[in-house]
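Shown next, in structure tokens, is the structure this report addresses.
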Amino acid sequence: MTSLALPPQALAAYPLSCSACGRPHASPRPAATCAECLGPLEVVYPADRVLPDREEIAGRPHTLWRYAEWLPFDGAPVAAHQVGWTPLLDAPRVAQALGVKRAWLKVDALSSVSLSFKDRVVATALNAVRAFGLEAIACASTGNLANAVAAAAAREGIPAWIFVPEDLEQAKLIGTLVHGPRLVRVRGTYDDVNRLCAQLADEFAWGIANVNLRAYYGEGSKTMAFEVAEQLGWRLPTAVVAPMAGGSLVTKLHKGFGEFLAADLVTGTPPRLYGAQASGCAPIVRAFARGDGAIVPERPATIARSLAIGNPADGRAATQVLRTSGGDAAHVEDDLIRAGIRELASLTGVFGETAAGVTYAAAKALAARGAFTPEDEVVLCITGHGLKTAESLAADLSTVPVIAPRVRDVAALT
Ligand SMILES: Cc1ncc(COP(=O)(O)O)c(C=O)c1O
Ligand SMILES: [Zn+2]
């Protein structure tokens, strides 16, 4: 493990306040929502903290902890293994397909160690578990969070309880189980699993990553925005397309770009943010289209299981950042998701999961309706690896010839 260029001291989590009613929480502790108004909680950073400049950040190890001043802890992080600093891949053929000047993929499909951007949110959630001295980490997951929690907990040697909907892809289940957590499949949708976990938070001294540690967990996603800005040479793209499930990632991308602008690490205007969902579960896109931001819960029916959250916790906030950034939202049918996975792979060499198919297909749909200009510089967030959802393309194998080991059998194919 790379040592961190931060002073060693006991780890403390910053306190929370309610972003709806503004009520502060006196001492930092796990909490899902505001006790007064049930509003969402956010981390309160010390106003007088000293922020690093570009040079100081550039000299730090290539993990997400290089941005520690924007992460919700005081002191050197524990569980600080090498999460973050995923490739930002130049994708000229994608730029051509979208009709824009430049396009890049932020390839969190190659995230260490569990091949999705959820390693970022688990890095902060696990530190919250440690800061609060909790006995176990838990989560409600559509699959990738399960993989990330199980892997990180195994490395730290702490117990993990992982709750998922029964019908997840095999690779997501096995890729969780292999690390030795208590994996529990729940008969129901993700929203049933999430409701169960909200009740469990009252019963057990667990840090449930996306429930009672949600305010700390979400901050990890900002590091994707920080890395994009730094990897572009300390500047911002004009547009970013990201998949949405609970709506946290897109909200935190907006926050991250805003924080780098406020710190004068970059100049210009925040990128327009575009949110992508599957048509079989698109409560955020539909709320955005209606214009009032009110989420109408849906019962998911899509191959994009990682995005199948029918009642997204940050759905309203997501519609607001899409709107204020000047962006838009699109949903795409399952056939277009499959085609999106194939086309992305064939244009870039990157095999993304179903969420990546959603992102790419939505970007194409947005381009077709004139969302982008020829001057745009667009980043697509590729948030998970295709091997995790390979069965979504299993039918493609029927097109592959099977031959005897004879030259004339190959010649017959040419
Ligand atoms: C691969 C992938 N991309 C994107 C998301 C969306 O994340 P959020 O819930 O922050 O909107 C998820 C959530 O599970 C995911 O697994
Ligand atoms: Zn409140």
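The values are calculated or read from the model by the stated rules, or taken from the named source; none is laboratory data. Here the structure is a predicted model, which is why all the values come from computation and not from measurement. In this analysis, Cβ positions are derived from the backbone assuming ideal geometry, glycine residues included, and neighbour counts consider all displayed protein chains.
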message: Exactly one of these conditions fails for residue 216: (1) more than 22 Å from residue 371 (Cα to Cα); (2) out of contact with any Ser or Thr (no Cβ under 6 Å at 6 or more places or on another chain); (3) not β-branched (Val, Ile, Thr). Give me its number.
response: (2)
statement: Across the stretch 268-278, the tally of residues that are away from ligand 1 (no atom under 16 Å from the Cβ) and modelled with pLDDT of 95 or more stands at 4
message: Looking only at the stretch 306-343, how many residues end up being in a loop (DSSP other than H, G, I, E, B) and either assigned by TED's automatic domain parsing to the domain that holds residue 189 or more than 16 Å from ligand 2 (Cβ to nearest atom) (or both)?
response: 9
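Let's see how each residue does on (1) crowded, with 24+ Cβ neighbours inside 10 Å; (2) touching a Ser or Thr at 6+ places or on another chain (Cβ under 7 Å); (3) closer than 24 Å to residue 210 by Cα:
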position	(1), (2), (3)
251	yes, no, yes
264	no, no, no
267	no, no, no
272	no, yes, no
290	no, no, no
321	no, yes, yes
query: Within the stretch 142-152, can you find the residues that are out of contact with any Pro (no Cβ under 6 Å at 6 or more places or on another chain) and either among the aromatic types (Phe, Trp, Tyr) or part of a helix (DSSP H, G or I) (or both)?
result: 144, 145, 146, 147, 148, 149, 151, 152
query: Looking at 148, 154, 123, which one is on the phi < 0 side of the Ramachandran plot, out of contact with any Ser or Thr (no Cβ under 9 Å at 6 or more places or on another chain) and modelled with pLDDT of 95 or more?
result: 154
message: Here's a check for you: in the stretch 344-363, which residue that is surrounded by fewer than 20 Cβ atoms within 10 Å (Cβ to Cβ) and assigned to a helix (DSSP H, G or I) is nearest to the chain's Cα centre (by Cα)?
response: 345
message: more than 16 Å from ligand 2 (Cβ to nearest atom), aliphatic (A, V, I, L, M) and either closer than 21 Å to residue 255 by Cα or not assigned by TED's automatic domain parsing to the domain that holds residue 130 (or both): which single residue out of 41, 16, 88 fits that description?
response: 88
query: Quick check: is even one residue across the stretch 336-344 out of contact with any helix residue (DSSP H, G or I) (no Cβ under 9 Å at 6 or more places or on another chain), closer than 30 Å to residue 268 by Cα and of a type outside the set (Val, Ile, Thr)?
result: no
- prompt: List the pairs whose first member sits in the stretch 240-252 and is acidic (Asp, Glu), whose second member is near ligand 1 (Cβ under 7 Å from one of its atoms), and whose Cβ atoms are under 6 Å apart, counting only residues at least 6 apart or on separate chains?
  reply: none
field: Unmet criterion (only one of (1) aliphatic (A, V, I, L, M); (2) modelled with pLDDT under 90; (3) crowded, with 20+ Cβ neighbours inside 10 Å) for residue 68
entry: (2)
message: residue 96 - would you say it is among the polar types (S, T, N, Q) and surrounded by 16 or more Cβ atoms within 10 Å (Cβ to Cβ)?
response: no
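Here are some residues: 378, 410. Which one is at pLDDT 95 or above and not in a helix (DSSP H, G or I)?
Details: 410 fails: not in a helix (DSSP H, G or I).
None of the other options fit; the residue is 378.
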- prompt: Does residue 155 satisfy being part of a strand (DSSP E or B), farther than 18 Å from residue 245 by Cβ and among the charged types (D, E, K, R)?
  reply: no
statement: residue 237 fails exactly one of (1) modelled with pLDDT under 95; (2) under 18 Å from residue 104 (Cα atoms), namely (1)
statement: Here the residues within the stretch 76-89 that are touching a strand residue (DSSP E or B) at 6+ places or on another chain (Cβ under 6 Å) and farther than 19 Å from residue 151 by Cβ are 87, 88, 89
task: Within the stretch 311-348, track down each residue that is in contact with a Lys or Arg (Cβ under 6 Å, 6 or more places away or on another chain) and within 16 Å of ligand 1 (Cβ to nearest atom).
output: 325, 327
task: Please note which helices (runs of 4 or more DSSP H) are completely contained in the stretch 164-247 and include at least 1 residues that are within 16 Å of ligand 2 (Cβ to nearest atom) and either of a type in the set (Ser, Thr, Tyr) or under 20 Å from residue 151 (Cα atoms) (or both).
output: 214-219
- line: When restricted to 110, 115, 105, the only residue closer than 30 Å to residue 347 by Cα and surrounded by fewer than 17 Cβ atoms within 10 Å (Cβ to Cβ) is 110
field: Residues that are within 27 Å of residue 81 (Cβ to Cβ) and modelled with pLDDT of 75 or more, drawn from the stretch 1-30
entry: 10, 11, 12, 13, 14, 15, 16, 28, 29, 30
Failed condition for residue 87, given (1) crowded, with 24+ Cβ neighbours inside 10 Å; (2) over 14 Å from the mean Cα position of the chain (by Cα): (1)
